[in-house]
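Colleague: This is the structure, below, for whatever I ask next.
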Amino acid sequence: MQADPMMRQELDRQQALLAGLAGNPLETTLIDEVRRSVGEEWADELARRVLELTEAKYPSKVR
């Protein structure tokens, strides 16, 4: 299943998204990118969770 081109593309997309989230402070542009790539409902939940984690770890860096 992982050799399937569509699955590989999706896994690569997810990996790039996770790398972006890990390497950058939470900003509106990053949240918008997540929404475009995964859909509004999933993105809202993901953004909420990332914001919670970011606020806990870097209180002064959340915008």
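The values are calculated or read from the model by the stated rules, or taken from the named source; none is laboratory data. Keep in mind the model is a prediction, meaning the values are calculated, not measured. Only protein heavy atoms, including side chains, enter the accessible area calculation; ligands, DNA and RNA are left aside. Shrake-Rupley method; radii C 1.70, N 1.55, O 1.52, S 1.80 Å.
Colleague: Specify the residue that is most open to solvent (accessible area, probe 1.4 Å); the eligible residues are those in the stretch 1-30 that are within 11 Å of the chain's Cα centre (by Cα) and of a type in the set (A, V, I, L, M, F, W, C).
Modeller: Checked the stretch 1-30; the qualifying residue most open to solvent (accessible area, probe 1.4 Å) is L18.
Colleague: Still on this structure: Evaluate the following for T54: is it assigned to a helix (DSSP H, G or I) and either at pLDDT below 75 or open to solvent by less than 60 Å² (accessible area, probe 1.4 Å) (or both)?
Modeller: yes
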